[in-house]
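The structure under discussion appears below in the form of structure tokens.
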Protein chains: 2
Amino acid sequence: MRVYLAKNLREANKNSAADNRKILGEHGVLMVNMMGSPGCGKTSLLEETLKRLSPKYRLAVIEGDLYTAEDAQRLKPWTSEIVQINTEGACHLEANYIGHLLTQNSPSLLDAEILFIENIGNLVCPAEFDLGEDIRVTLLSVTEGNDKPRKYPLAFKETGAILITKLDLLDYVNFNLERATLDLKIINERSVIFPLSAKTGEGVETWCNWLESLLKKKRK
Amino acid sequence: MRVYLAKNLREANKNSAADNRKILGEHGVLMVNMMGSPGCGKTSLLEETLKRLSPKYRLAVIEGDLYTAEDAQRLKPWTSEIVQINTEGACHLEANYIGHLLTQNSPSLLDAEILFIENIGNLVCPAEFDLGEDIRVTLLSVTEGNDKPRKYPLAFKETGAILITKLDLLDYVNFNLERATLDLKIINERSVIFPLSAKTGEGVETWCNWLESLLKKKRK
């Protein structure tokens, strides 16, 4: 009984994700699903990313949080197309939340060229839910330690890009960048890896260029 | 239908937690449930805690991880009573896992005076599951940012102690200790708050003394 229900829920999410993918494809919107632990630097990186890309592209953001709209507030200087989802306790976003926004609540999100989703800060549950994104991005801050990819493999396995964040703190913590990169390559050989720091800006340009190349590929 | 099932599951967990609490009470074991984000420093603090308390008390640990037994390995120098739970993807521990260990798989855990549980690294889901602990402890590292208590309130609301960890990194990050403490007091006025650093040892003694006082209270 329990398994049956779980399967149904997962099946429903898969269908919603496929619907989202279709509608985003029709509108030529690149959707980027960003996930990582609480405090790994998702919002800070988004600030730096929007700052660099907003002069060139129409950008939109769906902000996922359990409570508060603080992150959405931080991103407002860079785009007016921001929608906050408050899950009120739920630990991940699901495809039907996104579908509801795209088709009913906020269809203007489809005018964007790149739509960023900041998922709930959680290295476990969001990884199990396809939202219909073009690309999934997982953040790992150097302060979390380089054992995390081995301990939370799904988030790193099923992702297209891994961002090693807070590089500015590398000298103060026990994080082996080389070892982490090797571990990540074993868990996920297809993913690109970008070490960067939103604070100093190191590596942010490379990440932004990569997003631009994805958008160009999609629009071909 | 969905709600019905969810309620049943939560009810079952509540009953298991009550069973655990009863058996722990009969054996005079103080159970401490430690939770926090991935990389917030749970294992590092446990190392320092076991190091200080193991000469005086019989200690045991239940290590919760999705995968690997790396954390359990790190704690082995300080106690032989360590059981690893690998949830293989599940995002939190439930009371019946602990009950199974206490009554069937590893009853020698009940010989301990303090039994630590290191929950899955996740600031969301573990907070919803009472394990039958005497005290719940939530860790928040200064690298995560001081907006986290407002954004993940349940983990900070339903806890008896809040440990602000990685104090050694305070100078390098944008974390306002005073603001965080005020926020925490609003969310949870009953909880004690211990700022500390497992790396430098600052504040660890105070935390250990507090655990000792809880044990003494329980054994009275």
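All of the numbers you see were taken from the coordinates with simple rules; none came from a lab. All figures in this text were calculated on a predicted structure; none of them were measured in a lab. Ideal geometry is used to build each Cβ from the backbone, glycine not excepted, and the neighbour counts take in all protein chains shown.
Worth a mention:
- Copy-to-copy label separations for A:Glu26, where each label sits 7 Å from Cα toward Cβ, in nm and ascending: 6.3
- Cα-projected label distance for A:Leu182 with B:Lys217, points at 7 Å along beta-carbon direction, nm: 4.8 nm
- Springs join every pair of Cα atoms under 10 Å in this Gaussian network model of chain A, and among A:Lys56, A:Lys199, A:Lys185 the largest mean-square fluctuation is at A:Lys56.
- Each label was represented as a point 7 Å from its Cα along the Cα-to-Cβ direction; for A:Ile193 and B:Glu158 these points are 3.8 nm apart.
- Copy-to-copy label separations for A:Asn86, where each label sits 7 Å from Cα toward Cβ, in nm and ascending: 4.0
- Helix-only arithmetic for chain B: the sum of -39500 (n - 2.57) across DSSP H runs with n ≥ 4, divided by the residue total, places the mean residue ellipticity at 222 nm at -11500 deg cm²/dmol.
- Each other copy holds its own label point for B:Arg179; taking that point as 7 Å from Cα along Cα to Cβ, the gaps run 3.4 nm, nearest first.
- Within segment B:15-111, GluC sites (Glu not before Pro) in DSSP loop having at most 12 other beta-carbon neighbours inside 10 Å: B:Glu88
- Kirkwood analysis of the Cα pair distances in segment A:85-193 returns a hydrodynamic radius of 15.4 Å.
- Build a GNM of chain A with springs between Cα atoms under 10 Å apart, and of A:Leu163, A:Leu46, A:Leu101 the one that fluctuates most is A:Leu101.
- Top of B:Ile117, B:Ile187, B:Ile85 by mean-square fluctuation, Gaussian network on chain B, Cα under 10 Å: B:Ile187
- Pairwise centroid distance, computed over Cα atoms, of segment A:11-25 with segment A:130-153, Å: 23 Å
- Computed over the Cα atoms of segment A:27-219, pair by distinct pair, the Kirkwood hydrodynamic radius stands at 16.7 angstrom.
- Dipole magnitude of segment B:27-219, debye to nearest 20 (Cβ charges: Lys/Arg +1, Asp/Glu -1, about Cα centre): 500 debye
- Going by neighbour counts of Cβ atoms within 10 Å, the residues A:His92, A:His27 line up, fewest first, as A:His27, A:His92.
- Ranked A:Ser108, B:Ser191, A:Ser80, criterion: other C-beta atoms within 10 Å, fewest first: A:Ser80, A:Ser108, B:Ser191
- Loop-resident sites, segment A:142-220, for GluC sites (Glu not before Pro), counting at most 12 other Cβ within 10 Å (DSSP): A:Glu189
- Binning all Cα-Cα separations of the protein assembly as shown at 20 Å, short to long from zero, yields these whole-percent fractions: 25, 56, 18, 1.
- Across segment B:159-172, computed HN-Hα scalar couplings (Karplus, 6.51 cos²θ - 1.76 cosθ + 1.60, θ = phi - 60°) run 8, x, 8, 10, 9, 8, 9, 6, 4, 4, 9, 4, 6, 9 Hz from first to last residue, x flagging Gly and Pro.
- Using θ = phi - 60° in the Karplus curve 6.51 cos²θ - 1.76 cosθ + 1.60, the 3J(HN,Hα) couplings for segment B:55-63 round to x, 9, 9, 7, 10, 9, 9, 10, 9 Hz; x is entered for Gly and Pro.
- Reference-scaled alpha-carbon Rg (2.2 N^0.38 Å with N residues) for segment A:48-96: 1.24
- Legend: residue pairs B:Lys14/B:Lys157; A:Lys22/A:Lys56; A:Lys22/A:Lys199, Cα-Cα distance threshold 27 Å; pairs beyond threshold, A:Lys22/A:Lys199.
- Across chain A, Cα pairs under 8 Å and at least six residues apart give a relative contact order of 25 percent.
- Per residue, the convex hull volume that the Cα atoms of segment B:41-123 enclose (Å³): 87 Å³
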